[in-house]
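The values are calculated or read from the model by the stated rules, or taken from the named source; none is laboratory data. Predicted model only: the values in this text are computed from it and were never measured. Neighbour counts run over all protein chains shown; Cβ positions are idealised from the backbone, glycine included.
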Amino acid sequence: MQAGRAIGRWLGRVLDLVFPPRCLGCGAWGVYLCPDCLSDAHFLATPKTVGWGFRGEALPLTVWSVGLHQGILREAVHQLKYEGLRALAQPMAAMLASTWRQAGLSASGIVPVPLHSSRQRSRGYNQSTLLARALAAEVGVPAVEGGVIRVRATPPQVGLSARERLANVEGAFQAANCLQGMRLIVLDDVCTSGATLVACAQAVSQAGGEVVAAMTFTRAEEPG
Ligand SMILES: [Zn+2]
């Protein structure tokens, strides 16, 4: 494991030499997210509570996000998710870690929101798992990969209302018994209505785990 990490770091440095990072915003060499472009990002100091008003026994859930889903932060999510720029997980997790500390969060594990196995196969990775691994290293709390699985593929949430989104993902997740008694942070890349996070948190609590809060890199404004 140690050797694997060392090789990973070494490989990262070699790749940086071959494909040096460029800022997603302005194209400056050296970093993916440069301080100038980040100074234009809309960072969020307060969490959002989701889960109220949904049918069934939905939990109210506190969601901490680094910033609004716009500008360079949205571009980072897009590049990590759809363009295969996995190296972004590290700087994004460093920002999540600073939100984690500002929020004073403490937990015994970080659970990434899973993709359905068919989507994970076609993408080759789960962006939330990459973020969870990198965040775990930053805050010293283990990532519980596979703690929650997606038992039902769900159509994309885009264009659905908050209520439709919850109906879409309700019962889509199943949590492992190993989560019992753990205090967990559920992690995803984006929060829109929070329906996915709430459905995931419900699965965790059904398995006997306690969801302390959820975290996402960005928070999107809900469609009207
Ligand atoms: Zn820049």
Would you point out which residue out of GLY67, GLY71 is in contact with a Leu (Cβ under 7 Å, 6 or more places away or on another chain) and within 16 Å of the ligand (Cβ to nearest atom)?
GLY67
Going by what's in this entry, would LEU59 be described as modelled with pLDDT under 95 and either more than 16 Å from the ligand (Cβ to nearest atom) or in a loop (DSSP other than H, G, I, E, B) (or both)?
yes
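With GLY140, GLY171 as the choices, which residue is surrounded by fewer than 18 Cβ atoms within 10 Å (Cβ to Cβ), in contact with a helix residue (DSSP H, G or I) (Cβ under 9 Å, 6 or more places away or on another chain), at positive phi and of a type outside the set (A, V, I, L, M)?
Numbers: GLY140 fails: in contact with a helix residue (DSSP H, G or I) (Cβ under 9 Å, 6 or more places away or on another chain).
Every option except GLY171 fails the conditions.
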Can you work out which of the residues in segment 19-56 that are on the phi > 0 side of the Ramachandran plot and away from the ligand (no atom under 11 Å from the Cβ) is modelled with the highest pLDDT?
GLY51
Name the pairs: first residue in segment 9-32 and farther than 14 Å from GLN90 by Cα, second residue among the hydroxyl-bearing types (Ser, Thr, Tyr) and modelled with pLDDT of 95 or more, Cβ to Cβ under 6 Å, at least 6 apart or on different chains?
LEU24/TYR32
